[in-house]
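Here the structure comes first, spelled out in structure tokens, and everything after it is commentary.
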Amino acid sequence: MSEEIKLLAKMLKDDPDYFKVLNHLKIANLDYAKNISKYTKIDINKVNKILEELKEIGLIEEVHSKTVKRTKARLKKQFQVRMHHTYYKLTLLGKQVYKYLRDNN
């Protein structure tokens, strides 16, 4: 396991809400802040703060597309929806940190 992954995991371990957001994105594949807040029961302002911090350190990225299909966004009820929000998904590094946190908690 890379030192970078261990260091990032150590930074996020103090607040369980970071893991909740990572876990939600792992399950949903991609989602937007309001929906993440709804499913994780974390205040929307805190979710936005967490998403910005995770994006800054490279664990998540914004998804740029006009529409999203349910095959990509697993929690969507419709087969295809137009994107009216900023959607986020885990990066490869984000998946590795999530797996490390999951296996070492």
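Numbers at a glance
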read-out: Exposure proxy order (Cβ contacts within 10 Å, fewest to most) of 14, 43, 31; value: 14, 43, 31
read-out: Residue 87 long-range amide H proximity, modeled H, under 5 Å; value: 63
read-out: 3J(HN,Hα) from dihedral phi, the stretch 15-27, Karplus parametrisation 6.51/-1.76/1.60, rounded to Hz, x for glycine, proline; value: 10, x, 5, 4, 5, 4, 5, 4, 4, 4, 5, 5, 6
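Since every read-out is calculated from the coordinates, none of them should be taken as a lab result. Computed from a predicted model, the values in this text were never measured in an experiment. In this analysis, Cβ positions are derived from the backbone assuming ideal geometry, glycine residues included, and neighbour counts consider all displayed protein chains.
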